[in-house]
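Report on the structure given below.
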Amino acid sequence: MEGEKQYPKQLIPYQWKKGQSGNPNGRPKGQTLKEFAREYLMSLPDEEKVEYLASLPPEITWKMAEGNPANATDITTGGDKLSPLLVQFLDDKQDNGDSKGV
(Lines give C-alpha, C1' and ligand atoms only; values in the text may rest on other atoms or scores of the structure.)
Protein backbone atom coordinates (compact mmCIF):
# COMPACT_ATOMS: atom_id res chain seq x y z
CA MET A 1 0.00 0.00 0.00
CA GLU A 2 2.95 2.28 -0.39
CA GLY A 3 2.04 5.52 -2.19
CA GLU A 4 -1.72 5.16 -1.62
CA LYS A 5 -3.47 7.84 0.38
CA GLN A 6 -4.75 6.57 3.71
CA TYR A 7 -8.11 7.89 4.87
CA PRO A 8 -9.38 7.82 8.45
CA LYS A 9 -11.40 4.66 9.16
CA GLN A 10 -14.54 6.66 9.99
CA LEU A 11 -14.59 8.12 6.43
CA ILE A 12 -14.20 4.80 4.58
CA PRO A 13 -17.99 4.13 4.33
CA TYR A 14 -18.42 7.53 2.63
CA GLN A 15 -15.68 7.09 0.01
CA TRP A 16 -16.53 6.65 -3.67
CA LYS A 17 -16.57 3.03 -4.73
CA LYS A 18 -14.86 2.11 -8.00
CA GLY A 19 -17.26 2.71 -10.90
CA GLN A 20 -19.72 4.66 -8.74
CA SER A 21 -21.12 7.87 -10.24
CA GLY A 22 -21.12 11.07 -8.24
CA ASN A 23 -24.55 11.96 -9.60
CA PRO A 24 -26.45 8.76 -10.33
CA ASN A 25 -29.78 10.49 -11.05
CA GLY A 26 -28.27 13.11 -13.38
CA ARG A 27 -29.40 16.70 -13.71
CA PRO A 28 -32.94 17.31 -12.49
CA LYS A 29 -35.51 17.57 -15.27
CA GLY A 30 -36.92 20.96 -16.02
CA GLN A 31 -35.99 24.26 -17.53
CA THR A 32 -32.36 25.37 -17.33
CA LEU A 33 -31.42 28.91 -16.37
CA LYS A 34 -30.27 29.56 -19.95
CA GLU A 35 -33.66 28.43 -21.32
CA PHE A 36 -35.49 30.54 -18.74
CA ALA A 37 -33.42 33.64 -19.60
CA ARG A 38 -33.96 33.12 -23.34
CA GLU A 39 -37.74 32.83 -22.93
CA TYR A 40 -37.88 35.83 -20.59
CA LEU A 41 -35.86 38.09 -22.89
CA MET A 42 -37.81 37.03 -25.97
CA SER A 43 -41.09 37.84 -24.20
CA LEU A 44 -40.08 41.44 -23.40
CA PRO A 45 -41.36 44.27 -25.62
CA ASP A 46 -38.63 46.03 -27.63
CA GLU A 47 -38.62 49.10 -25.36
CA GLU A 48 -37.96 46.95 -22.29
CA LYS A 49 -35.24 45.00 -24.11
CA VAL A 50 -33.46 48.28 -24.92
CA GLU A 51 -33.87 49.45 -21.31
CA TYR A 52 -32.51 46.12 -20.03
CA LEU A 53 -29.48 46.22 -22.36
CA ALA A 54 -28.75 49.81 -21.33
CA SER A 55 -28.65 48.72 -17.68
CA LEU A 56 -25.92 46.13 -18.36
CA PRO A 57 -22.20 46.90 -18.29
CA PRO A 58 -20.87 47.55 -21.83
CA GLU A 59 -18.56 44.49 -21.66
CA ILE A 60 -21.55 42.18 -21.13
CA THR A 61 -23.52 43.82 -23.94
CA TRP A 62 -20.58 43.36 -26.34
CA LYS A 63 -20.18 39.71 -25.32
CA MET A 64 -23.88 39.15 -25.97
CA ALA A 65 -23.66 40.91 -29.34
CA GLU A 66 -20.51 39.09 -30.46
CA GLY A 67 -21.34 35.77 -28.89
CA ASN A 68 -19.11 34.41 -26.17
CA PRO A 69 -15.96 33.16 -27.93
CA ALA A 70 -15.89 30.09 -25.68
CA ASN A 71 -19.41 29.12 -26.73
CA ALA A 72 -20.63 27.96 -30.14
CA THR A 73 -24.23 29.11 -29.46
CA ASP A 74 -25.99 32.01 -27.75
CA ILE A 75 -29.46 32.63 -26.37
CA THR A 76 -30.77 34.06 -29.64
CA THR A 77 -30.08 30.97 -31.79
CA GLY A 78 -32.17 28.48 -29.83
CA GLY A 79 -29.17 26.17 -29.56
CA ASP A 80 -28.20 26.34 -33.24
CA LYS A 81 -24.60 27.10 -34.12
CA LEU A 82 -23.69 30.73 -34.65
CA SER A 83 -22.92 31.77 -38.19
CA PRO A 84 -20.18 34.40 -38.45
CA LEU A 85 -20.99 37.76 -39.95
CA LEU A 86 -18.19 39.57 -41.75
CA VAL A 87 -18.31 43.34 -41.82
CA GLN A 88 -15.92 45.62 -43.67
CA PHE A 89 -15.40 49.13 -42.35
CA LEU A 90 -14.29 51.72 -44.88
CA ASP A 91 -12.25 54.72 -43.90
CA ASP A 92 -12.82 57.86 -46.02
CA LYS A 93 -9.08 58.52 -46.08
CA GLN A 94 -8.33 55.07 -47.48
CA ASP A 95 -11.19 55.00 -49.97
CA ASN A 96 -9.72 54.32 -53.41
CA GLY A 97 -12.82 55.49 -55.27
CA ASP A 98 -14.16 52.00 -56.03
CA SER A 99 -17.05 52.35 -53.58
CA LYS A 100 -19.78 54.93 -53.52
CA GLY A 101 -20.11 57.12 -50.44
CA VAL A 102 -23.11 56.33 -48.33
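Return yes when GLU59 is surrounded by 10 or more Cβ atoms within 10 Å (Cβ to Cβ) and under 25 Å from the mean Cα position of the chain (by Cα) and no when it is not.
No; evaluated as a whole, the condition is false for this residue.
So which of GLN20, GLN15, GLN10 is modelled with pLDDT of 85 or more and not hydroxyl-bearing (Ser, Thr, Tyr)? Explain how you work it out, then say what you get.
Working: GLN20 fails: modelled with pLDDT of 85 or more; GLN15 fails: modelled with pLDDT of 85 or more.
Answer to the check: GLN10.
So, in segment 43-85, of the ones that are within 18 Å of LEU33 (Cα to Cα) and among the β-branched types (Val, Ile, Thr), which residue ends up modelled with the lowest pLDDT?
That would be THR73.
Inspect segment 33-42 for any residue being at pLDDT 75 or above and exposed (fewer than 10 other Cβ atoms within 10 Å of the Cβ) and give the result as yes or no.
Filtering segment 33-42 for residues at pLDDT 75 or above gives 33-42.
Subset that is exposed (fewer than 10 other Cβ atoms within 10 Å of the Cβ): 33.
Scanning segment 33-42, I find at least one residue that is at pLDDT 75 or above and exposed (fewer than 10 other Cβ atoms within 10 Å of the Cβ), so the answer is yes.
Could you run through segment 20-69 and say how many residues are closer than 28 Å to LEU86 by Cα and among the aromatic types (Phe, Trp, Tyr)?
The total comes to 2.
Out of segment 1-45, which residues are outside any loop (DSSP other than H, G, I, E, B), closer than 25 Å to MET64 by Cβ and either free of Cβ contacts under 8 Å to residues at least 24 places away in the same chain or touching a Pro at 6+ places or on another chain (Cβ under 9 Å) (or both)?
The first filter runs over segment 1-45 and keeps only residues outside any loop (DSSP other than H, G, I, E, B), leaving 9-14, 33-43.
Then keep just the ones that are closer than 25 Å to MET64 by Cβ; that gives 33-43.
The answer is LEU33, GLU35, PHE36, GLU39, TYR40, MET42, SER43.
Does segment 2-52 hold any residues that are of a type in the set (Ser, Thr, Tyr) and closer than 30 Å to TRP62 by Cα, and which are they?
THR32, TYR40, SER43, TYR52 - these are the residues of segment 2-52 that are of a type in the set (Ser, Thr, Tyr) and closer than 30 Å to TRP62 by Cα.
The values are calculated or read from the model by the stated rules, or taken from the named source; none is laboratory data. These numbers come from a predicted model, not from an experiment. Note that we place each Cβ from the backbone using ideal geometry, even for glycine, and neighbour counts take in every protein chain shown.
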